[in-house]
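Each remark here refers to the structure printed beneath this line.
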Amino acid sequence: MQVNAILGVDISKKKFDVCLLVDSKKRHKVFQNNQDGFAKLVVWCNGHGANLTHLCLEATSWYGEDLATFMHDLGHNVSIVNPESFWQK
């Protein structure tokens, strides 16, 4: 199955904000950073036609590890990016 959506994630200790890009349409939502929030994210993405996503999140301490593992275990592509690799002065 091919990736049909991009999911950008801004994660913190208690919550994470996402921006979903499917068919050139952007959608935004906030979820709790826990297993319940992860499950709600999947339902929300599927509801917008995002069957297989490429999720990209910043390497922010350990806050994103559980989400990254959860999504990867479901077969989604996951990239954890070092912010210094793209931050410019």
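Laboratory data are not the source of any read-out in this text; all were calculated from the coordinates shown. These numbers were taken from a predicted model, which means no experiment stands behind them.
Hey, what do the phi angles of the stretch 31-47 turn into as Karplus ³J(HN,Hα) couplings, whole Hz, using 6.51/-1.76/1.60 and θ = phi - 60°, x for Gly and Pro?
Couplings: 10, 6, 7, 7, 4, 5, x, 5, 5, 5, 4, 4, 4, 4, 4, 4, x Hz.
Whose amide H sits under 5 Å from the amide H of residue 15, counting only residues 5 or more places off or on another chain, with H placed in the peptide plane?
Placed amide hydrogens put 33 under 5 Å from residue 15.
Sequence gap of 8 or more, or different chains, plus Cα separation below 22 Å: how many lysine pairs satisfy both in the stretch 3-79?
Lysine pairs meeting both conditions in the stretch 3-79 amount to 10.
Over the stretch 3-79, what is the relative contact order in whole percent, taking alpha-carbon pairs under 8 Å and six or more residues apart?
Contact order relative to length: 34 percent.
Scaled to the compact-protein estimate 2.2 N^0.38 Å, what is the alpha-carbon radius of gyration of the stretch 3-79, rounded to two decimal places?
Expressed relative to 2.2 N^0.38 Å, the Cα Rg reads 0.97.
Step through the residues of the stretch 12-25 one at a time and calculate ³J(HN,Hα) from phi using the Karplus curve (6.51 cos²θ - 1.76 cosθ + 1.60, θ = phi - 60°), rounding each to whole Hz and writing x for Gly and Pro.
After applying 6.51 cos²θ - 1.76 cosθ + 1.60, I find 9, 4, 9, 8, 9, 9, 10, 10, 9, 10, 9, 6, 6, 10 Hz.
Quick check: residue separation of residue 61 and residue 24 times 0.36 nm, minus the Cα distance between them. What number comes out in nm?
10.2 nm
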